[in-house]
Amino acid sequence: MAGGNAIRGTRVGAGPMGESERGESAPRRRVSYWCANGHESRPSFAVDAEEPESWDCPRCGLPAGKN
């Protein structure tokens, strides 16, 4: 029996959206951060953004530095 809900199973904003609707993405660069356990994380930042000195390791949660 149909419930009459045409958008069932979708989320707001989940529709197909191409570059023409979003705009172009900014040029990005990846920066390596290392935690005390030796895990590397490589978040990406916009080329013109200031990168933080530390980043929380996604694997163990320890602070990671760029060295």
Checklist entry - By how many nm would the segment from ALA49 to ASN37 grow when fully extended, if each residue of separation counts as 0.36 nm and the alpha-carbon distance is taken off? => result 1.6 nm
Next on the checklist: Report the per residue volume, in Å³, of the convex hull enclosing the C-alpha atoms of region 24-67.
Outcome noted: 65 Å³
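A short reminder: the numbers here are calculations on the coordinates, not readings from a lab. Source: prediction; values computed, not measured.
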